[in-house]
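Working notes, structure below.
The values are calculated or read from the model by the stated rules, or taken from the named source; none is laboratory data. Note that the coordinates shown come from a computational prediction; the quantities given were computed from them, not determined experimentally. Heads up, the Cβs are rebuilt from the backbone with ideal geometry, glycines too, and the neighbour counts pull from every protein chain shown. When the accessible area is computed, the model is the full protein with side chains, heavy atoms only, and any ligands, DNA or RNA have been set aside. Shrake-Rupley method; radii C 1.70, N 1.55, O 1.52, S 1.80 Å.
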Amino acid sequence: MEKDLNIQFYDELADDYHLIFDNWNEAMSKQASTLQQIIKTYAAADASTILDCACGIGTQAIGLAALGYQVWGTDLSPKAIDRAKLESDQRGLPIPYAVADFRSLEQQVTGVFDVVIACDNALPHLLDEHDMLLAAKSILTKMKSGSLFIGSIRDYYKILENKPVSTPPTVKNEEGKRTISFQVWDWIKQDVYIVNHFTLKGKDDQFETNLRKTKYRAYRRTDLTNIFDIAGFVQISWLMPQQSGYYQPIFIGKKP
């Protein structure tokens, strides 16, 4: 993973990250409800502690904490963590946050958890399989015996069929100003692409443009299954959106 690039990307995006969503508050609530159903179905009946090891500004962590789970949040980006703390405090949710790399959780995070999550296509920032294996092994160290890991990634089988070069824009009108967000993808290898994330803000004919860049690897589901199997995960399976109700394919696995 190009650490500096990703820290810079999410630091710069932290204040605007909610603009990716049509309605961030609704997305938090809906995603938390869907993840709760997965936890109830696949985790231990008394599962109550969750580590969100790619928490960003708190999209999943805040929603799950609002449902009564004890949630801890970590992320690579200090500014994303600052935003998550602010959002949690404003909602009266006491979530401990820390800056941490999900490849080194054993050294950076204390304790073990009933559930560990890494959603919103966070894992594919790891561009080579060695780093992905490090992350898988690291995640496993934060899991109790029999506990559940939940990850979500883009549907890269579908994406690799036609290699899209952009995403549809999200347009928001608030307080007399318009914000437009979209991504342009530059494919630099067969399965690696640069995301150029544009945010335009303004009104009438006056708009300010911000561009942030990061990279992803388009991992096929079989690739991640094999890596997590080597790391020591068991009962690995995938839930597609039509099964789970989540907006991305869900990866689940357990610690023996």
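Looking only at residues of segment 187-233 that are aromatic (Phe, Trp, Tyr) and either in contact with a helix residue (DSSP H, G or I) (Cβ under 8 Å, 6 or more places away or on another chain) or closer than 24 Å to Glu174 by Cβ (or both), we find that the one that is most open to solvent (accessible area, probe 1.4 Å) is Phe207. Of the set (1) among the charged types (D, E, K, R); (2) farther than 19 Å from Ala135 by Cβ; (3) part of a loop (DSSP other than H, G, I, E, B); (4) in contact (Cβ under 8 Å) with a residue 12 or more places away in the chain, all apply to Arg154 but (2). When restricted to residues that are farther than 22 Å from Trp238 by Cβ and aromatic (Phe, Trp, Tyr), segment 156-177 contains 0.
For (1) in contact with a helix residue (DSSP H, G or I) (Cβ under 9 Å, 6 or more places away or on another chain); (2) modelled with pLDDT under 95; (3) of a type outside the set (A, V, I, L, M); (4) within 24 Å of Leu19 (Cα to Cα), each residue gets a yes or a no:
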| position | (1), (2), (3), (4) |
| --- | --- |
| Ala44 | no, no, no, no |
| Gly58 | yes, no, yes, yes |
| Ala98 | yes, no, no, yes |
| Val112 | yes, no, no, no |
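Exactly one residue among Thr59, Thr41, Thr49 is in contact (Cβ under 8 Å) with a residue 60 or more places away in the chain and either open to solvent by 10 Å² or more (accessible area, probe 1.4 Å) or among the acidic types (Asp, Glu) (or both), and that residue is Thr49. Cβ-Cβ contacts under 8 Å between residues 6 or more apart (or on different chains), taken from a first residue in segment 237-254 that is farther than 19 Å from Ile159 by Cα to a second residue that is assigned to a loop (DSSP other than H, G, I, E, B) and modelled with pLDDT of 95 or more, are listed as Gly253/Phe233; Lys254/Phe233. The set of residues in segment 121-130 being in a helix (DSSP H, G or I) and open to solvent by 20 Å² or more (accessible area, probe 1.4 Å) consists of Glu129, His130.
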